[in-house]
Structure formats: C-alpha cells, structure tokens
Amino acid sequence: MLGDSSSRKDGELDYDESHVKLEIPQVTWYKDPGLRKLYCLMPIFMLGATTNGYDGSLLNGLQTMVPWRAYFGDPNGSRLGLFNAIQNVGGLASVFFAGYVADRLGRRLGIAIGLSFIFLGVILQVIPQTDSGLFIGGRFLVGFGSNFSQVSCPMLIMELAHPAHRGPLTTMYNTLWYLGSIIAAWTVFGTVKYTTNNAWRIPVGVQMLMPGIQFILIWICPASPRWLCAKDRHDEAFAILAKYHANGNENDTFVRAEFAEIQGTIQLEKTMPQQGWSALLKTPGNRKRVLLIVLTCFFSQCSGNGLVSYYLHDILNSVGVTSSYQQSLLNGGLQLWSFAVAIVMALFVDKIGRRPLFLTAGIGMLVTFTIWTACSAVYAQNGSGAAGKVVIVMIFFFYGIAGFAWPGLTVGYCSEILPMSIRASGIALCFAVGASASVLNQYVNPIGLQKLQWKFYFVYIVILVIECLCIYLLFPETKGPTLEEIAEIFDGKDAVVARVGDDISKIEATQIEFASKGGY
C-alpha cells in the first residue's frame, strides 16, 4: 500500500489513500504459467516502438551514404530538414484518427490499420521510379502509420499487464525504440561500402520487416479487457483476466476484485457528460494531465537529443570525424549503449520511482551537454583533437544519462496518468506533441547548426534548465496505485474510481450487478 501523507515528496499531489482498496499481490512472473504466456506475447506489441525507432533513425544513417546523397542531390539546410521532418508531419496527421479508431474498433485493429500505411509508404520509397517527391511522400505515410499503430500498442501492454508489473512493462515499451535504431544503424553499417543505390534501398526496404512480423502475430494476442468492458463484453474481459492473471481460476480473490474495480470504474466514467477530446481540458485534473503530457513529450525531443538523433553526421563533421565508416560505427555503438541503459532503468522504475528518474536524467543531461558545448567551442577555435574526443565521450554520457527516463517514461508515464475514458485521446496527444517537437527539431536544427555552429547548443542548455525546474515543481510520483487508482492522484475526492470493499461482489459507488462466469 501507499505511504502516509507525511512521507509524500515534493511534487506529489494529495489524494485520499483510505479509498485505495485493492491489495496487489507480488507475483514472480516467470514462475506463474499465465503471466509467462502473457508476457511472451508482449514483444509483439513492443514491435510498435521498435518499428518507430528504425523509421526515426534510418535517415540519420542514410545521410552518411554517398549514393543516397548523390541520388537525391545532396540535400542540406531546409531541404534536408524536410526529408527528416516529413515523417513526423505524417505522425502528427494521424492523431486525428488513431485514438478514435482505437476506441471504436479496438486496439488490435488500430495497430493493423497503422501497419498497412507503413507498408504503402515503404513501397513508395524503394520502387525504381522513386524520386524526391515519392520518397518524401513515402516517409509521410510511414510516419502516419507508425504513430497510428503506436497509439494502440502501449495501451494493450498497460491494459493487459498484471498491476504488479505495469510500471516496468509500460516503461520498457518505448525503450525498444532503441532496438529499432540499433537495427537501422547496423543495417546501414552493413551496406555503407556499397557503391550502388542498393546501399540505401536495402535499409529502406528492411522497414517492412518488423511491421510485417507484427501484422501477422497481432491476431494471436488477447484483446484489452478494459476495452472489452467499455463495449459491455464483460464475459470476454473477465475470461482474459482470469486466464492470464489467475491461471484460469475464475474464483481467484484478486482477479475478481481487479475486475470489479475495472468494470466499476469504466461504468462510472460512462456517466460523465464529456469523454474523448473535449474532456481533456474539462477538469483541473485533466488539465494537469495535458500539461504533463505536453511537457514530457516536448522535453523528450527537445533536450539536445534531437541534434544527435537526426544530425549526427553534421555533429561529427564539426569535430573532425568525417569518414562514413567511422560515423556509422559510432552511430551503431551509441544506439547499443543507449538501449542497454534504458532497459536497465526500466526494470527499476517501480523501485526508484518515476520522479527521481526524471530528475536524474534532466540534471545529468544539463551537466553533460554543457561540457559538450564547451569542448565544441574549444575545437572550433583551435582544432584541438582532445576537445573533439571529449565531445564524442560527452555524447555517449549524455545519451546514457538520458536513458534513465527517456524514452521509456515518455510513453509509460503519459499512458498511466490517463483514465480509460480519455486514454486513447491522451496517448494520441502524446505522440502528436512528440511529432510536433520533432518537426521543430528537424527544421530548426540544420539551420541553427549551419548558421551558428556550436553556439546553437546554448538554446538547449536553456531548455534543459527549464526542464529540470518543471520536473521538480510539477511532476507527481505515480508508482504504487493500480491503473484505475492513479486517478486519485490527479482528481482527489472527485476521482472516478470504483471502490471495491470487502464484499467484492458489489461495487460500492454504484452497486452495479451483472452476470458472467464465476459470478461476473
């Protein structure tokens, strides 16, 4: 259970802990047959982040290739910004549809529809007749489809996971972005010495691999029990919870209480006058959620990491590393390092807490980026080889400390603070803000680097200072409560949460009764 209010840390909001009734058993997942089956399916959902990581990192590698630069007329400045940004413009466009489809047709169908757009976008990029227009159009469709499917992927993970494991699993989801970026970096490295257009066509074509696997396997995965409850398919929802959280035992005390809380909360949410997009700004609690989503997603993209994510080629050129082979090798190594740190931190998210991880990442990124900026200035002034090497070391340190919170908590934190009634819309907003921030990055960064060179880094130092202050003052801790009970952190006594008392066959708030297996 949660600690008392006297031990609450700065930034945590008050809520009535006496209303938190559901005791969460501590279960070792690999010793539990039902959870083993469920968690063996989780990588299928996580392929959404892996696909996004591959797509988002690919152009970074392609820029190091002479055949790609020659084929498209050596793009730079604002034209290179368009090549980069158009994928996130597509991702931004998907926000108007993805949440609606996920709520109306289901999470799995939302994923499948998004993947179909990715397939079409990749085809446009690799056909022999492709030109700048088709390539850019294809990247738009890839971005549209990737974000479309990504709205549903983390929701399925979060809504299926056992409450004891929700934190690590939802945080781990977006860390798999790095796995995609690793595959992209090393695929490019494998073809970087090719002298024909196959050097870039092969990595672009590989974009279809992970979406193809996910499209085939998504249908063997269970549907979200919370979505099924929202559609009044109670029997199916309870059967899924019992199968995976209680090894098929429909009389299990915990799973009956868990289902009562889920079903009761969703029934209560249905009585609210506004749901979906209009509800995002309706209450003080929801406005707080929106503010946190906007800040989290903006900082995840605009803390200096966008410089390396999209313009590593230019950064390395600025400190004397100009060889395509060396740049590809450093890019691949950076992705491996970032992935390792992010995965380890995801495993400790419930032990350490979200807030300490955010603060550690923000302060650490500020320190390392400041050193990176200073050494870049030294190199620019006198060409010091030592200063150039320190810049490379600081890039690795920067990404290592960033991995404490980003990208794992970007999606994990934003997803868990949202109640069911606005979850799809809120996650769509999350990806929309991230895409918008990336577009800003991709247009502004090449121009800033071209005009100001290392002096442009001061913009990100200012952003990092603001980021640290915002995290300290605004970000509440969310570890501990169930997915439904997190509402009490934001909404206090007005939280829409079913109270499950000792008599778990009744829901305190509404006395809702319905028939299904095992009494539910």
(request) Select from segment 52-65 the residues that are modelled with pLDDT of 90 or more and open to solvent by 10 Å² or more (accessible area, probe 1.4 Å) and list them in ascending order. (result) N52
(message) Based on this model, can you work out whether P407 counts as touching a helix residue (DSSP H, G or I) at 6+ places or on another chain (Cβ under 6 Å) and over 20 Å from V308 (Cβ atoms)?
(response) no
(message) Please go through segment 210-223 and give me each residue that is among the hydrophobic types (A, V, I, L, M, F, W, C), crowded, with 18+ Cβ neighbours inside 10 Å and assigned to a helix (DSSP H, G or I), ordered by number.
(response) M210, F215, I218
(message) Kindly evaluate D74 against the criterion of being open to solvent by 10 Å² or more (accessible area, probe 1.4 Å) and free of Cβ contacts under 8 Å to residues at least 40 places away in the same chain.
(response) yes
(message) Of the residues G285, G320, G264, G332, only one is over 29 Å from A230 (Cβ atoms), open to solvent by less than 10 Å² (accessible area, probe 1.4 Å) and of a type outside the set (S, T, N, Q); which?
(response) G332
(request) Pick out the one residue from A346, A340 that is of a type in the set (G, A, S), part of a helix (DSSP H, G or I) and under 16 Å from the mean Cα position of the chain (by Cα). (result) A346
(message) All but one of (1) in contact with a Leu (Cβ under 8 Å, 6 or more places away or on another chain); (2) surrounded by fewer than 24 Cβ atoms within 10 Å (Cβ to Cβ); (3) assigned to a helix (DSSP H, G or I) hold for Y100; state the number of the condition that does not hold.
(response) (1)
(request) May I ask you to verify whether F135 is part of a helix (DSSP H, G or I), farther than 29 Å from E269 by Cβ, free of Cβ contacts under 8 Å to residues at least 60 places away in the same chain and among the hydrophobic types (A, V, I, L, M, F, W, C)? (result) no
(request) Give the residues of segment 179-188 that are open to solvent by 10 Å² or more (accessible area, probe 1.4 Å) and either on the phi > 0 side of the Ramachandran plot or not β-branched (V, I, T) (or both), sorted by residue number. (result) L179, W186
(request) Assess whether G61 counts as being in contact (Cβ under 8 Å) with a residue 60 or more places away in the chain and under 22 Å from N305 (Cβ atoms). (result) yes
(request) Test A487 against the stated conditions and say whether it is under 30 Å from A257 (Cα atoms) and surrounded by 18 or more Cβ atoms within 10 Å (Cβ to Cβ). (result) yes
(request) Being more than 24 Å from E485 (Cβ to Cβ) and of a type in the set (D, E) is the filter here, so list the residues in segment 200-235 that pass it. (result) D235
(message) Checking the structure you have, find out if any residue of segment 94-103 is closer than 22 Å to G137 by Cα and of a type in the set (D, E).
(response) no
(request) Hey, could you check segment 240-294 for residues that are of a type in the set (G, A, S) and not in a loop (DSSP other than H, G, I, E, B) and say which is nearest to V497 (Cα to Cα)? (result) G264
(message) Given the criteria open to solvent by less than 10 Å² (accessible area, probe 1.4 Å), part of a helix (DSSP H, G or I), closer than 24 Å to S425 by Cβ and of a type outside the set (F, W, Y), does A237 qualify?
(response) yes
(request) Check P222, P211, P203 and return the single one that is more than 20 Å from W186 (Cβ to Cβ) and in contact with a Leu (Cβ under 8 Å, 6 or more places away or on another chain). (result) P222
(message) What's the total number of residues in segment 157-177 that are farther than 21 Å from A102 by Cβ and either open to solvent by less than 10 Å² (accessible area, probe 1.4 Å) or over 15 Å from the mean Cα position of the chain (by Cα) (or both)?
(response) 6
(request) Check G143 against each of (1) open to solvent by 30 Å² or more (accessible area, probe 1.4 Å); (2) within 30 Å of A199 (Cβ to Cβ); (3) of a type outside the set (F, W, Y) and name the one condition it does not meet. (result) (1)
(request) Pairs only if they're at least six apart or on different chains, beta carbon under 8 angstrom, first in segment 350-369 and open to solvent by 10 Å² or more (accessible area, probe 1.4 Å), second of a type in the set (D, E, K, R) and part of a helix (DSSP H, G or I); list them, first residue then second. (result) L366/E467
(request) State whether one or more residues within segment 6-24 are out of contact with any helix residue (DSSP H, G or I) (no Cβ under 6 Å at 6 or more places or on another chain), of a type in the set (A, V, I, L, M), modelled with pLDDT under 90 and outside any helix (DSSP H, G or I). (result) yes
(request) Would you please name the residue that is nearest to T482 (Cα to Cα), looking only at residues in segment 411-438 that are open to solvent by 10 Å² or more (accessible area, probe 1.4 Å) and of a type in the set (S, T, N, Q)? (result) S421
(request) Give the number of residues within segment 189-203 that are at pLDDT below 90 and either surrounded by 20 or more Cβ atoms within 10 Å (Cβ to Cβ) or assigned to a helix (DSSP H, G or I) (or both). (result) 2
(request) Identify, by number, the condition in (1) crowded, with 20+ Cβ neighbours inside 10 Å; (2) of a type outside the set (F, W, Y); (3) within 23 Å of Q267 (Cβ to Cβ) that Q207 doesn't meet. (result) (3)
(message) Condition first: more than 30 Å from E416 (Cβ to Cβ) and crowded, with 20+ Cβ neighbours inside 10 Å. Can you find one or more residues in segment 84-96 that meet it?
(response) yes
(request) Say whether the condition of being at pLDDT 95 or above and of a type in the set (F, W, Y) is met by at least one residue in segment 353-374. (result) yes
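A387 - would you say it is in contact (Cβ under 8 Å) with a residue 24 or more places away in the chain, part of a helix (DSSP H, G or I) and in contact with a Gly (Cβ under 6 Å, 6 or more places away or on another chain)?
no
The values are calculated or read from the model by the stated rules, or taken from the named source; none is laboratory data. This structure is a prediction, so every number in the text was calculated from the model and none was measured. Glycine gets a Cβ as well: all are built from the backbone with ideal geometry, and neighbour counts include every protein chain shown. Accessible surface areas use protein heavy atoms only, side chains included; no ligands, DNA or RNA. Shrake-Rupley method; radii C 1.70, N 1.55, O 1.52, S 1.80 Å.
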